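The values are calculated or read from the model by the stated rules, or taken from the named source; none is laboratory data. Treat the numbers as computed from the prediction; the structure is a model and nothing was measured. Backbone-built Cβ (ideal geometry, glycine too); neighbour counts: all protein chains shown.
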Amino acid sequence: MQLAITLFYLGQYGNRCSVDAMADLFGVPVAAVIKTTRRVVKVNARAAAQRIRWPNAQRRAALFTFAADKYGLD
């Protein structure tokens, strides 16, 4: 439930939903939406070092070349 509230609150493509609308939609207090979002983001931030692997310099160069060749991006 907490993850669902957070994902819906953050939205897609920058269309974040208001806290009041989230509280009404899920039937929870406004404070619960805020606390839940903070809790989920904090857990993800702690796990990021173990779960998110950023590309090294060689991989970034390969991705740059791919994007430039395929899509014409600089």
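Some notes on this structure:
- Of all residues in the range 3-18, exactly one satisfies the criterion of being surrounded by 15 or more Cβ atoms within 10 Å (Cβ to Cβ) and over 12 Å from the mean Cα position of the chain (by Cα), namely 5.
- The one condition from (1) modelled with pLDDT of 90 or more; (2) out of contact with any Phe, Trp or Tyr (no Cβ under 7 Å at 6 or more places or on another chain); (3) under 29 Å from residue 11 (Cβ atoms) that residue 58 does not meet is (3).
- Members of the range 49-61 that are among the aliphatic types (A, V, I, L, M), part of a helix (DSSP H, G or I) and exposed (fewer than 11 other Cβ atoms within 10 Å of the Cβ): 49, 57
- For residue 74, the conditions (1) in a helix (DSSP H, G or I); (2) out of contact with any Leu (no Cβ under 9 Å at 6 or more places or on another chain) are fulfilled apart from (1).
- Cross-chain or 6+ apart pairs with Cβ under 8 Å, the range 6-20 first and closer than 14 Å to residue 32 by Cβ, then modelled with pLDDT under 75 and in a loop (DSSP other than H, G, I, E, B): 9/16
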